[in-house]
Amino acid sequence: MARHARYDRKTALGKAVGLFWEKGYHGSSMKQIEQALDMRPGSIYATFGSKDGLFSEALAAYAEEAGRELSAHLKSYDSIVEGLQDYLRGIASGSGGGNQPPSRACMIVKTLLESSSTHPALAAQANRILAAIEQSLTDLLEQAKARGELVQAVDCGRLGRLIQAQIMGLRSMGERELDARAMRALGDDIAAILDGYRAHH
């Protein structure tokens, strides 16, 4: 019985991510949440505590999934730098980050922008997640540097922040609905940033 409830929770969270990602916190009414999750209000409150609780868990689930996708992507590359470059190109062309179409900006960034003046707790959560992503990018770049892929003089923290800014920008650019060729070219240009820091053997 418990296993069934846990599966239902995961399924419900997946549906909540889809709704909140598309409509945002304020744009999602309780009626829409009930329909999307196929749950009665009492069940939603019993499971997640509140709309805030549900959104907070959905945001965390979205971030975890994005982290898993990046890790899985990098596993198929010998070079961390080349893996990151292809990940950036993939975001631009719509194949990066698994099921994340480029026309939908990152849910974490959308939450930060939407809730910074109206919902400080959610904005703070989004900020913590972005800080953790920046740290994981920095750690990856440190590994690449230790392997001799990057020049020793590179400041990995600074470069990690730059790469995160590019990812946030790429996901937001998708909202402009530029044609696929323009997005691919943008992905190539952003991936090329890392070339400037590569160690030449």
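Do we find a residue being basic (K, R) and not in a helix (DSSP H, G or I) anywhere in segment 75-98? No - not one qualifying residue is present in segment 75-98. Here A180, A153, A144 are screened, and the one residue that is touching a helix residue (DSSP H, G or I) at 6+ places or on another chain (Cβ under 8 Å) and more than 24 Å from S71 (Cβ to Cβ) is A180. Taken over segment 172-201, the criterion of being over 17 Å from Q85 (Cβ atoms) and either within 20 Å of the chain's Cα centre (by Cα) or surrounded by 19 or more Cβ atoms within 10 Å (Cβ to Cβ) (or both) is satisfied by S172, M173, G174, E175, R176, E177. Within segment 47-89, the set of residues being under 19 Å from the mean Cα position of the chain (by Cα), open to solvent by less than 30 Å² (accessible area, probe 1.4 Å) and hydroxyl-bearing (S, T, Y) comprises Y62, Y87. For residues in segment 1-40 being surrounded by 12 or more Cβ atoms within 10 Å (Cβ to Cβ), of a type in the set (D, E, K, R) and within 22 Å of the chain's Cα centre (by Cα), which is modelled with the lowest pLDDT? Step by step, filter segment 1-40, then rank; the result is R9. Filtering segment 133-167 to residues that are open to solvent by 20 Å² or more (accessible area, probe 1.4 Å), touching a residue at least 60 places away in the same chain (Cβ under 8 Å) and of a type in the set (A, V, I, L, M, F, W, C) leaves I133, L140, I167. Filtering segment 105-128 to residues that are touching a residue at least 12 places away in the same chain (Cβ under 8 Å) and either farther than 15 Å from E22 by Cβ or surrounded by fewer than 15 Cβ atoms within 10 Å (Cβ to Cβ) (or both) leaves L112, S115, T118, H119, A121, L122, A123, Q125, A126, N127. Residue-level analysis places A46 outside the set of residues that are of a type in the set (G, A, S), part of a helix (DSSP H, G or I), within 23 Å of G169 (Cα to Cα) and at pLDDT 90 or above.
The values are calculated or read from the model by the stated rules, or taken from the named source; none is laboratory data. Just so you know, these numbers come straight off a predicted model, no measurement behind them. Every residue, glycine as well, gets a Cβ built from its backbone with ideal geometry; the counts of neighbours run over all protein chains shown. For accessibility, only protein heavy atoms count, side chains too; no ligands or nucleic acids. Shrake-Rupley method; radii C 1.70, N 1.55, O 1.52, S 1.80 Å.
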